[in-house]
Amino acid sequence: MSSATTSDVKWTAPQCVLWTSEVTITLNVTNNAGLTTTKSFSVYAPRCPARVISAGGAYSLALRGKGTVWAWGANDSGELGDGTYEPHSTPVQVPGLTDATSLASSGGTSLASRADGTVWAWGNNYGGALGDDTPFNRNFPAQVSGVSGVIAVAAGAASLALRDDGTVWAWGSNRNGQLGNGTTNTNPNPTPGQVIGLTHITAIATGSLHVLALRDDGTVWAWGFNYHGELGDGTTDDRNLPVQVPGLTGVIAVAAGYYHSLALRNDGTVWAWGWNLRGELGDGRIATQRASPGQVPGLTGVIDVAAGDSYSLALLSDGTLRAWGLNDFRQLGDGTNTNRHTPVQVSGLTGVTSVVAGAGHSLVLRNDQAVWAFGSNYHGQLGDGSQPTSTGPAKASLP
């Protein structure tokens, strides 16, 4: 004789998940008689809108289980966040950080957003990038005050945070108007302030001195340094307020290199503008610049883009990579150190789901959640403990 009852089980979905939109839940139920049954089922949650890997100037960051943060490579400014200034050629955990949802790194400044909407910063504090109103570098994370509800961060021209209400907040250097608040000055602003006139933003990216933002209507907005046309507005005038990049619609992702910009459209094509010293625009030319977007020839089926120091990467829907531009450290991953002025295939990597570019090394996340790196390893930024002369591809020694 048995009887059956039903119970409601309430599961609160996280704000976002790190690697895939599908989440498997296993439910174990034990009755008063000690009998147990198990049921597994899948639900879907939104994927986090920002990067879970980041390639800084000569170091790397990665998110792992439970939102822990791991770091490796150069550590001159404390950018690894482990309480030391010693470099590491294999990953070390950043103490005290859990539930992280996005990462950003550039020039020794490291940022992380957490599931509670806070931002944490460590490393190089040039121009007030750490948001703590001091001039000192810091080798451990501390919370940035004055900003909340953050779902993504970016580091470079300034420190930026994308809030869950679609607004963008910025702090740090403003020499070229990169804070987007209508002013330009040499005095840094360590306090987060809202970028004027931007709403409905879904993604942000920052280069060396310029910033890009993607709106939910598929338009791209830009501000900051524009000497090489990296803002894409047809001029070379700096902008201290966001301006729309003309002629670009249906954009689903943006990337900002040191002095160039990329946009991925919903038809799988890639568009580029800005400085083209080493062929980073991918149009077959070098030592030129373009102040308006132009299509990168020969690329279709692209689902993600990344931009580094004078080079570019594109992830195709089949999980393979294409690369072009500067290749002096073999950061293009094609087995040579020859600069490429049009896209070439990255060798030996498949099943890629995300890609980022740094100063001279590149990181990818594969569908098995492993992180692979290629390019410069002078400071151990490939993360496998190999010799500085190694250029990968190498699998980072992550948990």
- Note on the structure: All conditions in (1) free of Cβ contacts under 8 Å to residues at least 60 places away in the same chain; (2) crowded, with 24+ Cβ neighbours inside 10 Å; (3) touching a Leu at 6+ places or on another chain (Cβ under 8 Å) are true of residue 73 except (1)
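Yes or no, residue by residue, for (1) over 21 Å from residue 248 (Cβ atoms); (2) of a type outside the set (Asp, Glu); (3) surrounded by fewer than 18 Cβ atoms within 10 Å (Cβ to Cβ):
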| site | (1), (2), (3) |
| --- | --- |
| 176 | yes, yes, no |
| 184 | yes, yes, yes |
| 195 | no, yes, no |
| 201 | no, yes, no |
| 216 | no, no, yes |
| 225 | no, yes, no |
- Message: All but one of (1) aliphatic (A, V, I, L, M); (2) assigned to a strand (DSSP E or B); (3) closer than 21 Å to residue 184 by Cβ hold for residue 157; state the number of the condition that does not hold.
- Response: (2)
- Check off (1) surrounded by fewer than 19 Cβ atoms within 10 Å (Cβ to Cβ); (2) over 24 Å from residue 332 (Cα atoms) for residue 300 and give me the number that stays unchecked. (2)
- Note on the structure: Going through segment 287-297 in order, the residues found to be in a loop (DSSP other than H, G, I, E, B) and surrounded by fewer than 16 Cβ atoms within 10 Å (Cβ to Cβ) are 287, 297
- Query: Can you name the condition, by its number, that residue 252 falls short on among (1) under 20 Å from the mean Cα position of the chain (by Cα); (2) of a type outside the set (Gly, Ala, Ser); (3) surrounded by fewer than 18 Cβ atoms within 10 Å (Cβ to Cβ)?
  - Reply: (3)
- Pair list, Cβ under 6 Å, 6 or more apart: segment 103-123 residue surrounded by fewer than 23 Cβ atoms within 10 Å (Cβ to Cβ), other residue hydrophobic (A, V, I, L, M, F, W, C) and in a strand (DSSP E or B): 114/100; 117/150
- Message: I'm trying to understand the selection: among the residues of segment 66-116, which are under 22 Å from residue 132 (Cβ atoms) and of a type in the set (S, T, N, Q)?
- Response: 75, 77, 84, 98, 101, 102, 105, 106, 109, 110, 113
- Note on the structure: Of the residues in segment 167-193, those that are more than 19 Å from residue 116 (Cβ to Cβ) and outside any strand (DSSP E or B) number 16
- Within segment 340-370, the residues that are surrounded by 16 or more Cβ atoms within 10 Å (Cβ to Cβ), in contact with a strand residue (DSSP E or B) (Cβ under 7 Å, 6 or more places away or on another chain) and not in a strand (DSSP E or B) are 346, 349, 358, 360
- Output yes when any residue across segment 261-270 is more than 12 Å from residue 212 (Cα to Cα), crowded, with 23+ Cβ neighbours inside 10 Å and over 16 Å from the mean Cα position of the chain (by Cα), and no when none is. yes
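For segment 124-171, what are the residues that are surrounded by fewer than 22 Cβ atoms within 10 Å (Cβ to Cβ), of a type outside the set (Ser, Thr, Tyr) and under 24 Å from residue 84 (Cα atoms)?
If the condition is that a residue be surrounded by fewer than 22 Cβ atoms within 10 Å (Cβ to Cβ), of a type outside the set (Ser, Thr, Tyr) and under 24 Å from residue 84 (Cα atoms), then 128, 132, 133, 135, 136, 137, 138, 139, 140, 142, 143 are the ones that fit.
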- Looking at residue 316, is it surrounded by fewer than 24 Cβ atoms within 10 Å (Cβ to Cβ) and not aromatic (Phe, Trp, Tyr)? yes
- Restricting attention to segment 259-306, and to residues there that are touching a residue at least 60 places away in the same chain (Cβ under 8 Å) and out of contact with any Lys or Arg (no Cβ under 8 Å at 6 or more places or on another chain), which single residue is nearest to residue 325 (Cα to Cα)? 278
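Limited to segment 307-339, what total is found for residues that are assigned to a strand (DSSP E or B) and either more than 19 Å from the chain's Cα centre (by Cα) or in contact (Cβ under 8 Å) with a residue 24 or more places away in the chain (or both)?
11
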- Within the set of pairs 6+ apart or on separate chains, which have a first residue in segment 229-251 that is β-branched (Val, Ile, Thr), a second that is part of a strand (DSSP E or B) and surrounded by fewer than 19 Cβ atoms within 10 Å (Cβ to Cβ), and C-beta atoms under 7 Å apart? 235/291; 236/291; 251/265
- Any residue in segment 131-142 that's at negative phi: show its pairings with residues that are of a type outside the set (Lys, Arg) and part of a strand (DSSP E or B) at Cβ separation under 6 Å, as long as the two are six or more apart or on different chains. 138/122; 140/122; 141/120; 141/122
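Condition first: within 16 Å of residue 58 (Cβ to Cβ) and touching a Leu at 6+ places or on another chain (Cβ under 7 Å). Now tell me which residues in segment 329-373 satisfy that.
Across segment 329-373, the qualifying residues are 356, 357, 361, 362, 373.
Coordinate-derived values only; no laboratory data. Since this is a predicted model, take the numbers as computed values, not measurements. Positions of Cβ are generated from backbone atoms using ideal geometry, with glycine treated the same way; all protein chains shown enter the neighbour counts.
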